[in-house]
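What follows is a short report on a single structure.
All of the numbers you see were taken from the coordinates with simple rules; none came from a lab. The structure presented is a predicted model; accordingly, all values stated were derived computationally and were not measured. Cβ: placed from backbone, ideal geometry, glycine included. Neighbour counts: every protein chain shown.
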Amino acid sequence: MKNVSIVILNWNGKHFLERFLPSIIKYSTDPDTEIIIADNGSTDDSVAFTQKKYPDIRIIKLDRNYGFAEGYNRAFEFIDSRYAVILNSDVEVTENWLQPMVRFLDDHPDAAACMPKLRWLDYPEQFEYAGAAGGFIDILGFPFCRGRVFQTLEKDNGQYDHITNIFWSSGACTVIRTEIYKKLGGFDNNFFAHMEEIDLCWRIKNSGYNIYCVPQSVIYHMGGGSLPKDNPHKTYLNYRNNYSLLLKNLPILYIISVFLFRFFLDIVQLIRFFFESKPKHAMAVCKAFFHFLFKIPACIAFRLKSKAHRKIHKEMYLGSIAWRYFVLKKLLTPYC
């Protein structure tokens with residue numbers, strides 16, 4: 001049994017493995033750490049490439065593409081290490097990237113998971129969209145990060161170099177206690193991809209654990225490797241899954257008011273997509289809403305089954321990040 005398993009979910013990503021595996025291998029030499037490729041039914045030769053080039057890497061072969069959420073859940077069935085690293089295939093790690101996070105979890109039993117500081121591979125001085133220096137969420141379900149609010153990315157000038165209790169840890173790189181991941185059922189398979197890490201982190205918070213950003217660890221993330229930001233399907237998944245995580249995890253007294261405000265804001269965004277000549281994105285929002293309606297029974301069943309204590313956590317911003325950003329023109333991360 002290893003102490004740490006670095007789990008990279010791969011789907012037709014030979015080009016990423018060729019580019020990014022060398023840094024992961026170079027800077028993950030602890031004999032108590034293993035590297036695992038969980039292959040999501042790839043049809044390219046990424047598995048053959050890995051087996052030939054890196055025969056010591058363990059490969060978990062899945063029979064088809066289960067998406068990010070279920071792909072990781074199925075991979076975790078074969079993992080028994082103390083900690084697991086959920087790591088995107090388009091990540092370049094740096095020297096000493098893993099040890100500070102593992103030491104932090106060793107020293108803080110209240111912490112279920114932690115993440116490093118994410119910089120953008122193409123613009124190394126900037127934070128990266130998918131997690132920056134730790135994720136937060138507003139009361140309406142809009143996620144943001146220290147160092148990233150909507151499309152505005154800050155330069156990393158050391159302003160977030162202190163360890164912080166955050167709301168969600170990035171799916172690009174998270175170190176999590178394997179036992180807790182399995183205890184909470186891992187990611188929600190119904191999400192397929194996008195927002196599943198926020199949903200899991202919210203359930204972690206509701207279960208009484210904390211999540212941290214440990215900025216002494218630094219990685220560089222390319223982003224958009226599997227699904228580019230301008231793809232309407234990404235818009236669809238983000239909206240559909242965001243509705244589900246709100247219904248699953250909000251305290252019951254907040255559900256009606258939050259959804260009324262959200263639907264109003266999303267109608268405004270839908271109209272904005274049309275004015276921006278993005279009809280496919282507008283249709284994606286409509287599609288997400290109607291598909292969410294079919295998921296309401298499953299979300300309610302989850303609430304009835306779960307015994308977690310749902311509350312408003314101190315890492316939630318009680319205002320509207322959209323109002324703050326688009327109307328008040330405040331581009332920096334609000335105090336959380």
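Below are the figures for this structure:
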item	result
5 angstrom amide H check on Ile60, placed H, neighbours 5+ away	Ile37, Ala38, Asp39
Listed residues Ile300, Ile139, Ile219, most fluctuating in the chain (Gaussian network, C-alpha, under 10 Å)	Ile300
Trypsin sites (Lys or Arg not before Pro) restricted to DSSP loop in segment 32-102 with at most 15 other C-beta within 10 Å	Arg64
Descending semi-axes in whole angstrom, ellipsoid equivalent of segment 232-306, from the Cα gyration tensor	25, 13, 8
Convex hull projection area averaged over all views, segment 60-208, Cα basis, nm²	9.5
Segment 186-336: C-alpha gyration tensor shape, a/c 1.5 cut-off, then a/b vs b/c	rounded
Whichever aspartates and glutamates have a C-alpha closer than 18 Å to that of Lys314, once near sequence neighbours (fewer than 8 apart) are set aside	Asp110, Asp138, Asp199
Given charges at Cβ of Lys, Arg, Asp, Glu: segment 232-306 dipole, positive-most of His233, Ser277, Ile255	His233
Neighbour cut-off at most 15 other Cβ (10 Å), DSSP loop, trypsin sites (Lys or Arg not before Pro), segment 253-325	Lys307, Lys311, Lys314
Angle in degrees between helix 279-305 and the longest Cα principal axis of the chain, rounded to the nearest 10	80
Net charge dipole size for the chain [Lys, Arg +1 and Asp, Glu -1 on Cβ; Debye, nearest 20]	1240
Residue among Asn96, Leu245, Pro297 farthest towards the positive dipole end of the chain, charges placed on Cβ	Pro297
Part-to-part distance (alpha-carbon centres) for segment 193-256 and segment 87-158, which is given in Å	13
Helical mean residue ellipticity (222 nm; -39500 (n - 2.57) per DSSP H run of 4+; nearest 500) of the chain	-11500 deg cm²/dmol
Added length on full extension, which subtracts the Cα-Cα distance from 0.36 nm per residue, Ala298 to Phe264	9.8 nm
Counting DSSP beta bridges with both ends in the chain, the antiparallel % (nearest 5)	45
Backbone N under 15 Å from the Ser257 label point (7 Å along Cα→Cβ), restricted to segment 297-320	311-313, 317-320
Per-residue Cβ neighbour rank within 10 angstrom, fewest leading, Asp110, Asp44, Asp199	Asp110, Asp44, Asp199
Karplus-derived 3J(HN,Hα), 6.51/-1.76/1.60, for each residue of segment 88-98, Hz, glycine and proline x	5, 6, 9, 10, 9, 8, 10, 4, 6, 6, 9
Two-site FRET efficiency, Leu328 against Cys286, from Cβ-Cβ distance with R₀ of 35 Å, rounded to 0.05	0.80
Computed label-point distance, nm, for sites Asn165 and His313 using a 7 Å Cα→Cβ extension	1.0
Using alpha-carbon coordinates, inclination of helix 14-26 to the longest axis of the chain, degrees	60
Relative compactness, the chain, computed as alpha-carbon Rg over 2.2 N^0.38 Å	0.96
Segment 82-152 shape via C-alpha gyration tensor axes, a/c threshold 1.5	oblate
Degrees, to the nearest 10: 67-76 long Cα axis against longest axis of the chain	50
Gain on full stretching of the segment that runs from Thr94 to Phe78 - 0.36 nm per residue minus C-alpha separation	3.1 nm
Dipole of segment 4-221 [Lys/Arg +1, Asp/Glu -1 at C-beta], most positive-end residue of His108, Asn190, Leu17	Asn190
